[in-house]
Amino acid sequence: MSARDRDRDAVRLHVVTGKGGTGKTTVAASLALALASGGRTVLLVEVEGRQGVARLFGTGPLPYEEREIAAPFEGGRVRALAADAESALLEYLEMFYGMRRAGQVLTRFGAVDFATTIAPGMRDVLLTGKATEAVRRRTGERRRSRDSDTGRHVYDAVVMDAPPTGRIAQFLNVNAEVAGLARVGPIRHHADKVMATIRSAQTAVHFVTVLEEMPAQETLDGIGEIRAAGLNVGSIVVNMVRPPFFPDPVLGSVAEGRFDTDALVRGLKAAGFEDAEETARGLAREVGEHALRVAGESAIRARLDVLDLPRLQLPLLSGGVGPDALHVLAGRLREQGV
Ligand SMILES: Nc1ncnc2c1ncn2[C@@H]1O[C@H](COP(=O)(O)OP(=O)(O)OP(=O)(O)O)[C@@H](O)[C@H]1O
Ligand SMILES: [Mg+2]
């Protein structure tokens, strides 16, 4: 086992980011299913308040509560949670100070909104705090003595459907944000603890992209920012991959302008096509566009290669993605070593 493989096994918090619409939620859900196979228990956390996970699994809106979401997958279990800052704050107050009622009063006066407005970092630390708490949680210590090292981990892995690439570094680097706000005291202590988990080898940030210019560029930029913040980058997940329709030599000859349209016309005539000339020209144009796209995708792959990071690939599924398709994608991830 290489050092990198060992590191990958040690990862227990998988943060999934990427440009908007590239498939973060889909990949996070598939990854959770893949990691759960073989009897493991995985928590899938959504932090953007969009209920994308519920839509994907075809269930009603998820509450702020860890709930079984997926049918057992080879004996594993996936629970899901839609985390929001306000519920996380109430839970935090109750857990550490037994102050749930006080928290509810604060909520009624809009104090939570007030606090998170003057200090946006607070919102982030509450959300990342919820995920990192689940990473650290062990059996038999749900409420109080959560610093103890006794018991098994409740979750073998936690997968976070995270904010997009443009915001991910700031979102995870809560320590820096909260630092200016609280230098000592419980908020500081909480932020330090969250940050210790996020900075550790237990956390990896995975980048989802498609083979297009903008998402790939955001991936490169995002990876730079995550590294600069001292956090671990996991894999690049290339999503919605379309197989080339033609073998390389054909695409090569098209790219070099050597595509034999006359041969195509003869073939179509022989096959009994009426508008053989026109059809052949139309097809030749499409083959040309396809060849261009494939060439563009190769160029993007080459740019991603420079990063020398583990790469995972998921196919573009023609029927879209529903609960069944998630299992297909999870299977693909497992084939690739997840
Ligand atoms: N491999 C795939 N094959 C086919 N469709 C896909 C695939 N991955 C994602 N999709 C579809 O692409 C759309 C965007 O996916 P998804 O919601 O997972 O992206 P996202 O990055 O979470 O988006 P947002 O930025 O809005 O949160 C959805 O309609 C989803 O079903
Ligand atoms: Mg999403």
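The values are calculated or read from the model by the stated rules, or taken from the named source; none is laboratory data. What you see is a predicted model, and the numbers here were worked out from it, not measured in a lab. Reconstructed Cβ throughout: ideal geometry from the backbone, glycine too, with neighbour counts over all protein chains shown.
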Is the stretch 299-312 home to any residue that is within 16 Å of ligand 1 (Cβ to nearest atom), in contact with a Lys or Arg (Cβ under 8 Å, 6 or more places away or on another chain) and assigned to a loop (DSSP other than H, G, I, E, B)?
no
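Restricting to helices (runs of 4 or more DSSP H) lying wholly in the stretch 146-257: which have 1 or more residues that are over 25 Å from residue 329 (Cα atoms) and touching a strand residue (DSSP E or B) at 6+ places or on another chain (Cβ under 6 Å)?
213-228
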I'd like to check something: does the stretch 247-267 contain any residue that is within 29 Å of the chain's Cα centre (by Cα) and within 30 Å of residue 338 (Cα to Cα)? no
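In this structure, does residue 253 turn out to be surrounded by 13 or more Cβ atoms within 10 Å (Cβ to Cβ) and within 16 Å of ligand 1 (Cβ to nearest atom)?
Criteria not met by residue 253.
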Taking first residues from the stretch 207-221 that are in contact (Cβ under 8 Å) with a residue 24 or more places away in the chain and aromatic (Phe, Trp, Tyr) and second residues anywhere that are in a strand (DSSP E or B) and more than 16 Å from ligand 2 (Cβ to nearest atom), the pairs with Cβ under 9 Å that are 6 or more apart or on different chains are 207/233; 207/234; 207/235; 207/236
Reported set for the stretch 230-243 where residues are modelled with pLDDT under 95 and either out of contact with any Lys or Arg (no Cβ under 9 Å at 6 or more places or on another chain) or crowded, with 22+ Cβ neighbours inside 10 Å (or both) is 243
Scanning the stretch 22-77 for residues that are in contact with a Ser or Thr (Cβ under 7 Å, 6 or more places away or on another chain), within 15 Å of ligand 1 (Cβ to nearest atom) and hydroxyl-bearing (Ser, Thr, Tyr) gives 22
Being in contact with a helix residue (DSSP H, G or I) (Cβ under 9 Å, 6 or more places away or on another chain), surrounded by 14 or more Cβ atoms within 10 Å (Cβ to Cβ) and at pLDDT 85 or above: is that true of residue 134 here? no
